[in-house]
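The values are calculated or read from the model by the stated rules, or taken from the named source; none is laboratory data. Keep in mind it's a predicted model, so treat the numbers as computed, not measured. We place every Cβ from the backbone using ideal geometry, glycine too, and count neighbours over all the protein chains shown.
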Amino acid sequence: MSDFNRIDSESEVPKYLQVEEMIVTDIESGIFKQGQRIPSINETSEDLLLSRDTVEKAYANLRKKGVLVSVKGKGYYVNQITHSKRLKIALIINKLSNYKRSLYNSFVQTTGNKASVDVFIYHYDIDEFETIINENQKHYDYFVILPHFRNDSAAVVPVIRKIPKEKVLIVDRYWHELHDYPVVYQEYDKDIQTALGEAIELLRKYQKLNLVFPQNEYYSTNIKKGFTAFCQHHRFDYAIIDKLTKENIREDQVYILISDNDLYMFIKFMKGRGWKAGREIGLISYNENPFKELLCDGISTISTNHDEIGKQAAEMILSRNFRQIKSPFEFIKRNSL
């Protein structure tokens, strides 16, 4: 059936569960046919260098699930009832955020009962990311990866390439180093230019455009490039602010806020001065969520459709139709401009 190398003694997954997964994989790959006898408990324990109790527990669980049937005096057989295996998917993200929650919820809703989804968070850290890959590579059918790191280091690429290519789906950003991989991506520099172009007549009411881009939160620097290109092309006075303070919030200017933490601080400062967004000052927030429709009588946003990204990624896996998809990006007009 196998050799002992198929059991990972260092894994946190119990060995009896690894045996179950291995048998199901062998059945679905056609190594064992329906109605065929599989190796005995003793044979499997010797083959895998495992205790008899461990293998017996795995066989008993598979019998309860209907995958196997036991015949007294003869052994275990693959059940005539077709067993439908749920896909195991690892969703590997850089951090928790409203955007990531929306993507996750949409992804899980679309996969439904056809897959189980586990979330791993690597906090922008390449070493932590590599540990997740090394420890889990054998245990998942697919890896959905949102690659955002403190440094866009080339060291990440060989880590991702450790995983068989047919098991990898990149989400949220396009990497030229992984140009041959399926991806659902944003195009940060062009996206912000397109969205601001939709708002250009409203923006011209103000004296200056400000992009508040916090340096310590590792957003794509292509956002800054796109913002700068837009302002220069359309001849707007502009600035890029890395830290929001009371002193750099001024009347008759527009503020484009990348971070929700800065958004809440901005609203507090604005209210303290008695200003109203869309009247004394302009406000645009990056990344849509339901609360922004309610805050300040409606905050204008520029955003990709996070739910659609999650849905597209899930549908790609379920259909096995892997390709490269550009996610839509839009300006949502509300009262803050």
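Annotations for the structure displayed:
- Selection from region 193-227 of residues that are in contact (Cβ under 8 Å) with a residue 12 or more places away in the chain and either more than 16 Å from Ile284 (Cα to Cα) or assigned by TED's automatic domain parsing to the domain that holds Gln324 (or both): Gln215, Glu217, Tyr218, Tyr219, Ser220, Asn222, Lys225
- Once region 133-156 is narrowed to residues that are in contact (Cβ under 8 Å) with a residue 24 or more places away in the chain and of a type in the set (Gly, Ala, Ser), the residue that is surrounded by the most Cβ atoms within 10 Å (Cβ to Cβ) is Ala155.
- In region 124-141, the count of residues that are closer than 15 Å to Val24 by Cα, touching a strand residue (DSSP E or B) at 6+ places or on another chain (Cβ under 6 Å), among the hydroxyl-bearing types (Ser, Thr, Tyr) and assigned to a strand (DSSP E or B) is zero.
- Exclusive hit being at pLDDT 95 or above and not aromatic (Phe, Trp, Tyr), set Arg173, Arg204: Arg204
- Taking (1) surrounded by fewer than 20 Cβ atoms within 10 Å (Cβ to Cβ); (2) touching a residue at least 12 places away in the same chain (Cβ under 8 Å); (3) assigned to a helix (DSSP H, G or I); (4) acidic (Asp, Glu) in turn, Glu251 satisfies each apart from (3).
- Answer from Val212, Val156, Val117 - the residue that is closer than 28 Å to Lys333 by Cα and modelled with pLDDT of 90 or more: Val212
- Scanning region 263-321 for residues that are β-branched (Val, Ile, Thr), closer than 23 Å to Leu203 by Cα, under 31 Å from the mean Cα position of the chain (by Cα) and outside any loop (DSSP other than H, G, I, E, B) yields a count of 5.
- Residue check, Thr25 within 33 Å of the chain's Cα centre (by Cα), assigned to a helix (DSSP H, G or I) and either closer than 17 Å to Tyr77 by Cβ or modelled with pLDDT under 90 (or both): yes
- Here Met265, Met316 are screened, and the one residue that is under 30 Å from Arg86 (Cβ atoms) and surrounded by 15 or more Cβ atoms within 10 Å (Cβ to Cβ) is Met316.
- When region 194-211 is filtered for residues that are closer than 21 Å to Arg173 by Cα and crowded, with 18+ Cβ neighbours inside 10 Å, the ones remaining, listed by number, are Ala195, Leu196, Leu211.
- Count of region 6-48 residues which are closer than 30 Å to Thr131 by Cβ, surrounded by 12 or more Cβ atoms within 10 Å (Cβ to Cβ) and not charged (D, E, K, R): 13
- Listing of strands (runs of 3 or more DSSP E) fully contained in region 157-224 that carry 3 or more residues being over 24 Å from Ile92 (Cα atoms), under 18 Å from the mean Cα position of the chain (by Cα) and among the aromatic types (Phe, Trp, Tyr): none
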